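Below is the structure I would like to discuss, written out as structure tokens.
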Amino acid sequence: MPKARRKPRSDALDPVVMTVIANRLDGVVREMTNTLLRAARSAVISSARDFSCCILTGDNHLLASAEGLPVHIFGAHLQGENMCRYHAGDIREGDAYLDNDPYGGNTHPADHTFLVPVFIGGEHLFTTVAKCHMADIGNSIPSSYFAKALDVYEEGALVFPGVRIQRNYRNEPDVIRMCRARIRVPEQWYGDALAALGSARVAERRLKELCRKYGAKTIKAFIADWFDYSERRAIASIRKLPKARIVNTGRSDPLEGILPDGLTLKVIVDIDPRRAIIEVDLRDNPPCVDCGLNTSRAAATSAVVGAIFNSLDKDIPRNAGSFRRLAFKYAENSVVASPVFPHSCSTATTNVAERLVNITQSAFA
């Protein structure tokens, strides 16, 4: 359930200062995006633009996303949480981490996510995130999508659950060698990885400059006020809606030889304008299937959240503050948002996830 709102602080920031800092953070994310777009080697990134950048707080809340793809960035906080859990007590300035584990918060294995913790005065205050769909990830076939993979072993992707890839601003050579040994286009992968790391490091420098200008105390006050403002905007928008339970279903197409009848998917949305909460129930969906159509929690939740925000006021900031007004219920061992190892999530960002967007948004319509 959403967390209770904080009482207004007596030392709340001036609205003009808050707006300036918010736009500066979006500018940092756009600089990350431009860096990655111009430095990447693969056409998947440089032409198809299948990548996103964002900034998390040090305690793993989405802070700024600018023009990031919803399916990429709405679940990035889960990866920040895993980074902190896997490396509790050993996260240092100069570190960078690689994560593409769909069971631990990532979208699907093809999305290599690079996370850089940013320290201000010795405190982990931000994490910069660059997520890229790689041209090759070591799959058993020459594709980063494998819809017919019966499980993760047939899929064959290299999986990195929050693995440290840099320490003291230097690459961890063992991880790089592992990737070069298994990925079909090692130089292209390495170029894209360097572009993503460069993107995250650019943001690290800009955030340090921002904190030197305004001071860490002011930036912390901004984060709290920005989340509260975003939540107030979401509350105001939800309260314009009628109280309703909306239920909608849709179908995923048959998959030859594996799912002859396809999949029937369901989304239940309860809108409570008095409490200003939207609750989403994804439990009434099929169990995991023996192919790559299972959707990770990050991909399925992001799909529904994106559809919900498309149905609210268009200028509500998309961050952890506005997300407080959303609540989700998940099943266990489900094709929607609850994959269980070793079921494959190879195509988690397409097919089922795209149906969830359509089902949710048409339900509002």
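Could you give me the residue pairs with C-beta distances under 6 Å whose first residue belongs to region 137-163 and is outside any loop (DSSP other than H, G, I, E, B), whose second residue is aromatic (Phe, Trp, Tyr) and modelled with pLDDT of 95 or more wherever it lies, and which are 6+ apart or on separate chains?
155/146
The rows are residues; the columns are (1) surrounded by 19 or more Cβ atoms within 10 Å (Cβ to Cβ); (2) more than 30 Å from residue 310 (Cβ to Cβ).
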{"residue": "183", "(1), (2)": "yes, yes"}
{"residue": "216", "(1), (2)": "no, yes"}
{"residue": "224", "(1), (2)": "no, no"}
{"residue": "230", "(1), (2)": "yes, no"}
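Which residues, taken from region 130-151, are closer than 20 Å to residue 104 by Cβ and either in contact with a Phe, Trp or Tyr (Cβ under 7 Å, 6 or more places away or on another chain) or polar (S, T, N, Q) (or both)?
Hits for region 130-151 are 130, 131, 132, 133, 134, 139, 144.
Pick from 164, 177: which is open to solvent by 20 Å² or more (accessible area, probe 1.4 Å), over 24 Å from the mean Cα position of the chain (by Cα) and of a type in the set (Lys, Arg)?
On inspection, the qualifying residue turns out to be 177.
I'd like to know if region 176-184 contains one or more residues that are within 30 Å of residue 218 (Cα to Cα), in a helix (DSSP H, G or I) and among the β-branched types (Val, Ile, Thr).
no
Could you give every pair whose Cβ atoms fall below 6 Å, whose first residue belongs to region 187-205 and is within 14 Å of residue 46 (Cβ to Cβ), and whose second residue is among the charged types (D, E, K, R) and modelled with pLDDT of 95 or more, counting only separations of at least 6 or pairs across chains?
Pairs found: 188/41; 191/41; 192/41.
OK, next. Which residue out of 276, 337, 331 is more than 20 Å from the chain's Cα centre (by Cα) and at positive phi?
Of 276, 337, 331, the one residue that is more than 20 Å from the chain's Cα centre (by Cα) and at positive phi is 276.
Restricting region 109-136 to residues that are open to solvent by 30 Å² or more (accessible area, probe 1.4 Å) and assigned to a loop (DSSP other than H, G, I, E, B), which is nearest to residue 72 (Cα to Cα)?
Of everything passing the filter in region 109-136, 135 is nearest to residue 72 (Cα to Cα).
Something else: Checking the conditions here, which among 289, 340, 304 is under 20 Å from residue 269 (Cα atoms) and of a type in the set (Val, Ile, Thr)?
None of the others qualify; the one that does is 304.
Right, something else. Quick one: in region 79-103, of everything that is of a type in the set (Gly, Ala, Ser) and in contact with a Lys or Arg (Cβ under 9 Å, 6 or more places away or on another chain), which residue is farthest from residue 196 (Cα to Cα)?
94
Could you list all residues from region 83-101 that are under 27 Å from residue 306 (Cα atoms) and open to solvent by less than 10 Å² (accessible area, probe 1.4 Å)?
83, 97, 98, 99, 100
When you look at residue 34, is it polar (S, T, N, Q), in a helix (DSSP H, G or I), more than 17 Å from residue 126 (Cβ to Cβ) and at pLDDT 95 or above, yes or no?
yes
Applying the selection to region 313-353, what residues are surrounded by 19 or more Cβ atoms within 10 Å (Cβ to Cβ), farther than 17 Å from residue 71 by Cα and either touching a Leu at 6+ places or on another chain (Cβ under 8 Å) or charged (D, E, K, R) (or both)?
The answer is 324, 325, 334, 344.
Can you name the residue in region 289-300 that is buried (at least 23 other Cβ atoms within 10 Å of the Cβ) and over 14 Å from residue 351 (Cα atoms) and, of all such residues, is farthest from the chain's Cα centre (by Cα)?
Ranking the candidates gives 297 first.
So residue 251 passes all but one of these: (1) surrounded by fewer than 16 Cβ atoms within 10 Å (Cβ to Cβ); (2) free of Cβ contacts under 8 Å to residues at least 60 places away in the same chain; (3) among the basic types (Lys, Arg). Which condition number does it fail?
(2)
Also: Is there any pair with a first residue in region 263-292 that is assigned to a strand (DSSP E or B) and a second that is among the aromatic types (Phe, Trp, Tyr) and open to solvent by 10 Å² or more (accessible area, probe 1.4 Å) whose Cβ atoms are under 6 Å apart and which are 6 or more apart or on different chains, and what are they?
280/328
Please verify whether residue 200 is within 19 Å of residue 163 (Cα to Cα) and in contact with a helix residue (DSSP H, G or I) (Cβ under 8 Å, 6 or more places away or on another chain), treating the condition exactly as stated.
yes
The values are calculated or read from the model by the stated rules, or taken from the named source; none is laboratory data. Everything numeric here is computed off the predicted structure, so don't read it as measured data. Cβ: placed from backbone, ideal geometry, glycine included. Neighbour counts: every protein chain shown. All accessible areas refer to the heavy atoms of the entire protein, side chains included, with ligands and DNA or RNA removed. Shrake-Rupley method; radii C 1.70, N 1.55, O 1.52, S 1.80 Å.
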